[in-house]
Amino acid sequence: MHHGALPAPPSIPTTSDSGYQPPTGGALDEIFAADGAPRDHARRLASELAALGPEALVDAGQRRDAIFVQQGITFDATGKDGPVRDRPFPLDLVPRILTSDDWSHLEAGLRQRIVALNRFIDDVYHEREIIRAGIVPWQLVVSRSHFARAAAGVRPPGGVYCHVSGCDLVRDGDGTWRVLEDNVRTPSGISYVLENRVAMTRLLPQLFQHYRVRPVDHYPQLLAAALRSVAPSSEEEATVVVWTPGSLNSAYFEHAFLARQMGVELVEASDLVVRDDVLYMRTTDGLRRVHAVYRRLDDDFVDPLEFRPDSLLGVPGLVRAYRAGNVAIANALGTGVADDKAIYHYVPDMIRFYLSEEPILANVQTYLMSDPQLRDMALGRKHELVFKPTNESGGKGVCIGPRSTTAELERVEAVIRSNPDEWIAQELVNLSTVPTAGPDGRLSPRHVDLRPFAVFGENLQIIPGGLTRVAMVEGSMIVNSSQGGGSKDTWVLERSASTASDAEVEGQRLPAPPMPQLRYGSEWHNQQQQQQQVAAVTPPSAAAAATGDEAR
Amino acid sequence: MLSRIAQELFWLGRNIARAEHTARMLDGVFQASLQSNSDGFGSGSVQLGWRSILAIMGADAGGDVEREEVMRRMTIDRHEPASVISCVARARESARTVRDVISAEMWEALNTTNLRLADPAVEHNLSELGPYLFFQLVKERSALFWGLNSRTMLRDEARAFLVAGGRFESADMVLRMLRVTLPAPGQEFTDAESRATGLLDGQAQALLQAVGGFQAFRRAVPSPPQAGPVARFLLYERSYPDSVAASVDAVQQALTDADRDPRRSDPVLRLARLGADLEFRGRVAIDRASISETCELVQRELMLVDADIATRYFVGSTMPAGTVHA
């Protein structure tokens, strides 16, 4: 059987059994084909879900919310009545499955893309070859709000800038994967990938029994190793910290999660101080040198002496320490220039220019509003296209033509015409759907995207799967969790070669050494134990050696 | 105090600690078993196997080992003496015998635990909802028992025997897990050594997760959770409360408190020597052969301590105090 799925059971539930209505309007459903039968790799999942039924899903959902609230796996969102604090993280209980073939394709495409983005960042702060070759206009690069002059001429260890990246991928109506956005500043969500998996194994272990799902829990170790590998410390063990803007930040849970999992300090700006171009943290033992900082705040805030002078979150002198090569910052200063929707347009060209390869993953068709002709064309089709500000994240300011009123579109048009450099237009992608449990436990299709996470240290590694975000409202394509989106556990299946049965896997294990049997109280448990008791009273010479008798 | 009561208290502590460790171990193995084993840091992250669980508990694996079967047998099977439910039932019987000695709140907490596990819904939930709720219940009730112990029980001899039993069992369980997880070289299957190393690293990490020590390890040790550092940590790291060294210290301390003449007490002296030996061993480099050897030797030594404890405190000294057995 391919895709790592075991043979399907005799009776295969189709959508007609459950009342599941596949999406209309040309979107692809990843579990059920158009004829209502589950796709090959999803048959076992479909039958397990059918066996569970809506009541069991509702019940598991209640246990999920209780566990998440107890463990404090929550986040803050903006609701109709203002901010909502401490919502349990919305994990949908139906997992999303990526076959090993899908994943190999995505992994190769992401690898290529991230390497090219990293080369681009290095290039624009040094030789500017891509500018001189006439591929990306210099004017566009320097006008990006995240272009950092402070980063010019500084090459971090190994030439790595985006140590952590998370590209957003979507799947078109014909099944083609496309990149929607490149997040190379401080992409968040990895903690939910790990917590979702733990929650799923606890809540619905039966869903896993027919699949061999690749684990995700080694991410913190990869990150810690990557940070240590770029830290400028030759003699001592590198000290790594996670830098959070503070406990009021909406992603604070993730900051604390990563610090805990990596076993490093979680610091705020007031804990850090620069002396003679060296970064230290204030500890009860006095100042302690810090070699690498995984920072979870934007360039603008890191150093009031170089960036925003009004930043209270920053550490004065940090950029000097960075430029002096005394501290590694991840992601490096200035990476934001590659995390811009206008620059995104040029990524396929970057891949061709730096790597001499054809892009494996396509972009969504994008029009720069700075170009007058394209602007007029796009605004003429404003009811069909999506308009996005270039330097925002989290879905802020996005205007989806077909779902907006004419009045809203006209307002956006006026904004775009007054400041065209800061806007792009994109063709609408009909995001794929995955069955998702509603409040009554019934399944209906909901649109999803995917954010895989990559760690770039000595080499580039991508965690299998990533964060699948799901729009919880029917027909909606807004998946951002800050706007009420949910998430799914994302399974990447192993290649079929390793779908060994439990018994086969057991056979490969190490044989256990002979072990004394357990005692259960005052009496030795059986005769074998009596023999061991005798042996214990006259121990072999090895036991004496253990305690140094022979030496004394 | 009465020898009989001291012995009940010692075994009360042991059975509660064994129930908790078994639950943690099963939880770790179960979660890891749901995912594949090809990824991970280094060359491979794998789980402890179900056969290993039986080996750790000294039970006979027999033929094929099925996840569901091991799970049921080690959690709710009353005919399996090593099951969690049997441990709790024995602990409850001990507590009933000594309920005048332990605090009323401790007795009530343990009795309630036993009643909750006897609820027919437990078996149903275990098969329908998965084992998480079961393990969570056992871990929480165990923590409640020990918390009430330190909060409400007089710090007298009785408490010393109870704590000695709990910590003795912790040391024994961790040693059993270490020995099965990281066997001596030459015992592994015949594949390439590099593959075996990856396998061991994965097993070491699974063990660390299972005993609940992953976070403590990450804070205490800068190196990645590979077999060598994990074994060192679980054997020697005195600042980690569930390490073998910390448990040995705690048993020694408890018995020193309880003994009228600790300087002439075989178990106390033996534990002191073992503690010092662990300290010395912790200072030298460790390889797989020495991990395995150390675990085995410590385990043997603890069996001698167990016999010494029984002789000195429980059977009414038939031998003159101070007799050297080893």
Residues being in contact (Cβ under 8 Å) with a residue 60 or more places away in the chain and not in a strand (DSSP E or B) - total across region A:311-341: 18
Tally time: how many residues in region A:207-250 are assigned to a loop (DSSP other than H, G, I, E, B), touching a His at 6+ places or on another chain (Cβ under 7 Å) and within 14 Å of chain B (Cβ to nearest Cβ)? 4
Top-ranked residue in region A:282-303 [being farther than 22 Å from A:A152 by Cβ and either surrounded by 17 or more Cβ atoms within 10 Å (Cβ to Cβ) or among the polar types (S, T, N, Q) (or both); ranked as nearest to the other protein chains (Cβ to nearest Cβ)]: A:H291
Reported set for region B:114-153 where residues are within 14 Å of another protein chain (Cβ to nearest Cβ) and within 17 Å of B:A89 (Cβ to Cβ) is B:L126, B:F134, B:L137
When region A:346-365 is examined, which residues are found to be of a type in the set (S, T, Y) and surrounded by fewer than 18 Cβ atoms within 10 Å (Cβ to Cβ)? A:S356
Within the group A:P90, A:P157, which residue is surrounded by fewer than 23 Cβ atoms within 10 Å (Cβ to Cβ), touching a residue at least 40 places away in the same chain (Cβ under 8 Å) and under 30 Å from A:V240 (Cβ atoms)? A:P157
Between A:R96, A:R128, A:R85, A:R149, which is basic (K, R) and touching a residue at least 12 places away in the same chain (Cβ under 8 Å)? A:R96
Looking at region A:193-206 only, could you name the residues that are among the β-branched types (V, I, T) and either within 21 Å of B:S223 (Cβ to Cβ) or more than 11 Å from chain B (Cβ to nearest Cβ) (or both)? A:V193
Filtering region A:342-366 for residues that are in contact (Cβ under 8 Å) with a residue 12 or more places away in the chain, within 27 Å of the chain's Cα centre (by Cα) and not in a loop (DSSP other than H, G, I, E, B) leaves a count of 13
Let me confirm something: among A:L431, A:L374, which residue is within 19 Å of the chain's Cα centre (by Cα) and outside any strand (DSSP E or B)? A:L431
Residue within region A:169-192 that is touching a strand residue (DSSP E or B) at 6+ places or on another chain (Cβ under 6 Å), part of a helix (DSSP H, G or I), within 14 Å of chain B (Cβ to nearest Cβ) and not basic (K, R) present: no
Show the residue pairs that are 6+ apart or on different chains and have beta-carbon atoms under 6 Å apart, the first residue being within region A:190-207 and free of Cβ contacts under 8 Å to residues at least 60 places away in the same chain, the second being in a helix (DSSP H, G or I) and not aliphatic (A, V, I, L, M). A:T201/B:Q31
Just for helices (runs of 4 or more DSSP H) wholly inside region B:120-233: which have at least 1 residues that are at pLDDT below 90 and buried (at least 23 other Cβ atoms within 10 Å of the Cβ)? B:157-181, B:193-210
Every pair of residues 6+ apart whose Cβ atoms lie under 8 Å, when the first sits in region B:154-182 and is more than 14 Å from chain A (Cβ to nearest Cβ) while the second is assigned to a helix (DSSP H, G or I) and of a type in the set (D, E, K, R): B:R155/B:D257; B:E157/B:D257; B:A160/B:D257; B:G166/B:R14
Scanning for something at pLDDT below 90 and within 26 Å of B:H21 (Cα to Cα), does region B:297-320 turn up at least one residue? yes
Could you check, for region A:135-142, whether at least one of its residues is crowded, with 23+ Cβ neighbours inside 10 Å, over 18 Å from A:E357 (Cβ atoms) and of a type in the set (F, W, Y)? no
Within region A:98-134, track down each residue that is over 21 Å from A:I360 (Cα atoms), crowded, with 18+ Cβ neighbours inside 10 Å and not charged (D, E, K, R). A:V124, A:Y125
Out of all the residues in region A:299-311, is one or more more than 29 Å from B:G212 (Cβ to Cβ) and of a type in the set (A, V, I, L, M)? yes
With A:G246, A:G153, A:G158 as the choices, which residue is closer than 30 Å to A:R85 by Cα and touching a Phe, Trp or Tyr at 6+ places or on another chain (Cβ under 9 Å)? A:G246
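Conditions (1) in a helix (DSSP H, G or I); (2) out of contact with any Leu (no Cβ under 7 Å at 6 or more places or on another chain); (3) crowded, with 22+ Cβ neighbours inside 10 Å; (4) at pLDDT 95 or above, marked per residue:
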{"site": "B:S43", "(1), (2), (3), (4)": "no, yes, no, no"}
{"site": "B:G58", "(1), (2), (3), (4)": "no, no, no, no"}
{"site": "B:G63", "(1), (2), (3), (4)": "no, yes, no, no"}
{"site": "B:E69", "(1), (2), (3), (4)": "yes, yes, no, no"}
{"site": "B:R72", "(1), (2), (3), (4)": "yes, yes, no, no"}
{"site": "B:T113", "(1), (2), (3), (4)": "yes, yes, yes, yes"}
The condition from (1) at pLDDT below 90; (2) crowded, with 22+ Cβ neighbours inside 10 Å; (3) in a loop (DSSP other than H, G, I, E, B); (4) away from chain A (no Cβ under 12 Å) that B:M25 misses is numbered (3)
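The values are calculated or read from the model by the stated rules, or taken from the named source; none is laboratory data. The model shown is predicted, which means the values in this text are computed figures rather than measured ones. FYI the Cβ positions are ideal-geometry reconstructions off the backbone, even for glycines, and counts take in every protein chain you see.
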